[in-house]
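Working notes, structure below.
The values are calculated or read from the model by the stated rules, or taken from the named source; none is laboratory data. Since this is a predicted model, take the numbers as computed values, not measurements. With ideal geometry, Cβ positions are generated from the backbone for all residues, glycine too; neighbour counts draw on all protein chains shown. These accessible areas exclude ligands, DNA and RNA; they are computed on the full protein's heavy atoms, side chains included. Shrake-Rupley method; radii C 1.70, N 1.55, O 1.52, S 1.80 Å.
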Amino acid sequence: MKKRIIALLLVVFSTVAVFTGCAGSIDADSEYKGHQIIMYMTENVYNLDPAEAYTNEISRSVVNLLFDTLFTVDENGKVKGSLAKNYRTEKTKDGEYFMYIEIKEDARWSDNQPVTADDVVYAWKRVLNPNNAYDCASLLFDIKNARAYNEAEVSKDDVGLTADGKLLTIELEGEIDYDQFVLNLTSLALAPLREDIASKNPDWAKKPGIMTASGPFKLSKIGFYKDSSVEYEDINYSEKDVDENNKVKVDKNGNPIFIDATVPDMFEGQRVHSYILERNLYYYRNAEDAEKLDKTVVPYRIIVDCSMSDEEILKAYKDGVIAYVGDIPMSIRSDVKSEATTYASLSTNVLYLNQNAYINDGTEEGYQLFADKAVRQALSLAINRKDIAEDLVFAKAATGIVPMGVYDTNSVKKLFRDESSNKFTYLSTDMDRAKSILNDAGINPAKYTFTITVPSYDEVYLYIANSVVSAWGEDGLGFNVSLNVRGTIPNNDHHKDVASVPSDLCDDLWAEDIENGVYEVAILDLVAPSADPFSVLAPFAKQFSGQKMDLSNPENYELATHSTGYDSTEYNEIIEKIYKTKKTENRSSDLHKAEAILMEDLPVIPVVFNESAYLLNEDLIDLNNKTFFFEKASEYYYPVLFDKISVKKYEDYEEKCSKYIIDNFDEWKQNPQSYFGVMFKDLTVAEFVRTNSYYLYLFKDKDYSFIPAEPKK
């Protein structure tokens, strides 16, 4: 069965005409710039903004290769510097508390600009900005005035952050647990960003020509194809403003003025057919010296072709063409389970229930069904988490909302889930009790019609959502429930810095719906922003939600609730208490109490704990030289970085790749949604082998005489 959304890093993509088989030492100006290795990581690359990488745990794996953080976690579960060279703390005579972080001298962006403290200050104030909606804002609340700025009480200039070249000065609210704060700074959401790039274009993290990277790789290219077989309604698009005579209004420069659309419209789908990750040549490398590039990142280029079937992925892996599979397709998981390495992904697949949504009950106004706690409890009891986890293969039934791998305090020696003695009643499966609860609450499920918003491109989400529909629908609780499948479309939002709407990128309607609270039920991965359980639990408290604030009337505004609309006085109070408890070891009991409240109220329903799984082809990867680099943080926590990886007998591997392309070329180019179907649909295999500049290095100076010559014209 063809699965268009599952991607394979299949094609070795190069503009290099001559290619040698031995890596050796690599200079910046060298023609050969490193191995190009076939991998599959994930297809979900619609937005690579690190501050928005926490609703899909698979996408985070790609973002993790593009952006570095100040600190990371080492093989012993201890925090160590990454971009940060060191840090120190100070208490002044006046009782003020400071932290000073020095950024490494050789930390550079992919355009060779140095990573500076200004990049940190910009990224953090962006997260705190009350006009944005970042759940991770509370990670920074120990900084002086950070919380006040997030609540629109002070200006961003009042936040206790100062930059001086490579030195970041942080003024703190008071005495804190420094170890806990530094653990927060391992969060990918707090990765430094370039203000000159991110502030100018809201879609900066979608376009290779705009974004720069601080990690080992950069996004080199991304390609799309139109999917005319499906259309999606978009309520957030922009349209040209017109006057009473239907004439387009223009600004002082004669450019059309765009406004938010007044009514929804339909747009045909657009999907990724391929993308390219290419080595950041300046990753911890001073461009002025003669250091060799192979001391930082060995693979030069990674290509994703998003058009292969599951069977083709498995065959290519078995045939020794794919070196690494990081997102194993569901249909082949059982076949490769014994070969796969698994680890906790620090994320929980959940269902958000929108308490503000008026659900269709046959009346004109509708009914706020999910504002009823009894309904939420019944819905949770109807889900068979054990069966879903078994079908997913790489997952475990959720026993809480805080995922596996998250610390109980700030040490890997104690994990939150291991320290939890709670057995949450409503996370069990009991259909009879669920029906009884609804009956006692006076709820007749047959009256209500609602949808679960799910992304079209994620097969795991689709499977879980369909399972939930079965549990809640006609054969289960009896609600009229269906999927609201939301896809990706050509961008239709006007940007201030261009005169037209750029279409060479995608709008992810599922992500936009969640951000804007336009859903009834939504499925997503709740990814822990850090290994601190507070980072998972805090956003459900009103004062820590990090959601956009309505600042239209500065004299009278309220803090925004979590996206679900959840607002519990009891929960708000215990989260506030935890925040004010500055000794980490004293927070544990209250953190578990907070989770217990959340699992009783259930504004969010946990389904499964996600497990990451990968296949590593040891026939290809040169493990003996330790060039495949995993940074293992604990039994549960693996930030995977392909800092160094090479292939055994690379010339043989190159030969195998070229033959694989020839053998499959005619079939691939028939698929209008594939990279080959888009780029090479008009070429014969002979023309492709002999003239295509992208792949010429694979075929140059090799004997492919068995391919017929083109007839003379």
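Side notes on the structure shown:
- Selected residue (only one of Glu43, Glu31 is open to solvent by less than 30 Å² (accessible area, probe 1.4 Å), assigned to a loop (DSSP other than H, G, I, E, B) and at pLDDT below 90): Glu43
- Enumeration of residues in the range 457-472 that are open to solvent by less than 20 Å² (accessible area, probe 1.4 Å) and out of contact with any Phe, Trp or Tyr (no Cβ under 6 Å at 6 or more places or on another chain): Tyr457, Asp458, Tyr461, Ile464, Ala465, Val468, Ala471
- Test: residue in the range 109-127 that is touching a Ser or Thr at 6+ places or on another chain (Cβ under 8 Å), among the polar types (S, T, N, Q) and open to solvent by 10 Å² or more (accessible area, probe 1.4 Å): yes
- Condition met for Gly400 (assigned to a loop (DSSP other than H, G, I, E, B), more than 30 Å from the chain's Cα centre (by Cα) and at pLDDT 95 or above): no
- Scanning the range 214-262 for residues that are among the small types (Gly, Ala, Ser) and on the phi > 0 side of the Ramachandran plot yields a single hit, Gly254.
- Top-ranked residue in the range 82-95 [being open to solvent by less than 30 Å² (accessible area, probe 1.4 Å) and either of a type outside the set (A, V, I, L, M, F, W, C) or not in a loop (DSSP other than H, G, I, E, B) (or both); ranked as nearest to Gly165 (Cα to Cα)]: Ala84
- Filter result for Asn47 (within 30 Å of Ser274 (Cα to Cα) and of a type outside the set (Ser, Thr, Tyr)): yes
- Phe416 being open to solvent by less than 10 Å² (accessible area, probe 1.4 Å) and in contact with a strand residue (DSSP E or B) (Cβ under 7 Å, 6 or more places away or on another chain): yes
- Any chance Leu483 is within 28 Å of Val527 (Cβ to Cβ) and buried (at least 19 other Cβ atoms within 10 Å of the Cβ): no
- Residue check for Ile197: open to solvent by less than 30 Å² (accessible area, probe 1.4 Å) and in a strand (DSSP E or B): no
- Hits in the range 548-567 (condition: under 22 Å from Lys125 (Cβ atoms), in contact with a Leu (Cβ under 8 Å, 6 or more places away or on another chain) and at pLDDT 70 or above): Met549
This table checks each residue for (1) open to solvent by 30 Å² or more (accessible area, probe 1.4 Å); (2) outside any loop (DSSP other than H, G, I, E, B); (3) over 23 Å from Ile514 (Cβ atoms); (4) not β-branched (Val, Ile, Thr).
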| site | (1), (2), (3), (4) |
| --- | --- |
| Glu233 | yes, yes, no, yes |
| Glu244 | yes, no, yes, yes |
| Gly254 | yes, no, yes, yes |
| Ile259 | yes, yes, yes, no |
| Gln270 | no, yes, no, yes |
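- Residue list for the range 356-382, restricted to those being under 31 Å from the mean Cα position of the chain (by Cα), open to solvent by 20 Å² or more (accessible area, probe 1.4 Å) and farther than 16 Å from Phe450 by Cα: Lys373
- Residue in the range 425-445 that is modelled with pLDDT of 95 or more, surrounded by fewer than 21 Cβ atoms within 10 Å (Cβ to Cβ), of a type in the set (Lys, Arg) and in contact with a Pro (Cβ under 9 Å, 6 or more places away or on another chain) present: yes
- Pick from the range 403-413, criterion crowded, with 19+ Cβ neighbours inside 10 Å and either of a type in the set (Lys, Arg) or touching a Leu at 6+ places or on another chain (Cβ under 8 Å) (or both), ranking: modelled with the lowest pLDDT: Asn410
- Counting only residues that are modelled with pLDDT of 90 or more and outside any strand (DSSP E or B), the range 572-630 holds 28 of them.
- Of the residues examined, Glu365 is not one that is in a loop (DSSP other than H, G, I, E, B) and either touching a strand residue (DSSP E or B) at 6+ places or on another chain (Cβ under 9 Å) or among the aromatic types (Phe, Trp, Tyr) (or both).
- Residues located in the range 585-604, provided they are open to solvent by 10 Å² or more (accessible area, probe 1.4 Å) and either in contact with an Asp or Glu (Cβ under 8 Å, 6 or more places away or on another chain) or of a type in the set (Ser, Thr, Tyr) (or both): Ser588, Ser589, His592, Ile597
- Test: residue in the range 60-67 that is buried (at least 21 other Cβ atoms within 10 Å of the Cβ), farther than 25 Å from Pro202 by Cβ and either at pLDDT below 85 or touching a strand residue (DSSP E or B) at 6+ places or on another chain (Cβ under 8 Å) (or both): no
- Among (1) closer than 25 Å to Pro208 by Cβ; (2) in contact (Cβ under 8 Å) with a residue 60 or more places away in the chain; (3) in a helix (DSSP H, G or I), the one test that Asp493 misses: (3)
- Selection from the range 322-332 of residues that are more than 16 Å from Glu57 (Cβ to Cβ) and surrounded by fewer than 22 Cβ atoms within 10 Å (Cβ to Cβ): Ser331, Ile332
- Of all residues in the range 569-582, those satisfying the criterion of being within 13 Å of Asp142 (Cα to Cα) and among the basic types (Lys, Arg) are Lys580, Lys582.
- Taking the criterion of being in contact with an Asp or Glu (Cβ under 8 Å, 6 or more places away or on another chain) and open to solvent by 40 Å² or more (accessible area, probe 1.4 Å), the residues of the range 571-584 that qualify are Lys577, Lys582, Lys583.
- Residue within the range 256-265 that is aliphatic (A, V, I, L, M) and modelled with pLDDT of 80 or more present: no
- Set Lys249, Lys207: member being of a type in the set (Lys, Arg) and touching a strand residue (DSSP E or B) at 6+ places or on another chain (Cβ under 7 Å): Lys249
- Scope the range 383-394; condition in contact (Cβ under 8 Å) with a residue 40 or more places away in the chain and surrounded by fewer than 24 Cβ atoms within 10 Å (Cβ to Cβ); matching residues: Asn384, Lys386, Asp387, Ile388, Ala389, Asp391, Leu392, Val393, Phe394
- The range 573-601 residues that are farther than 25 Å from Lys373 by Cα and of a type in the set (S, T, N, Q), paired with ones that are assigned to a helix (DSSP H, G or I) and modelled with pLDDT of 95 or more (beta carbon under 8 Å, 6 or more apart): Thr581/Asp590
- Selection status of Gly24, open to solvent by 10 Å² or more (accessible area, probe 1.4 Å), farther than 21 Å from Asn112 by Cα, modelled with pLDDT under 85 and not aromatic (Phe, Trp, Tyr): yes
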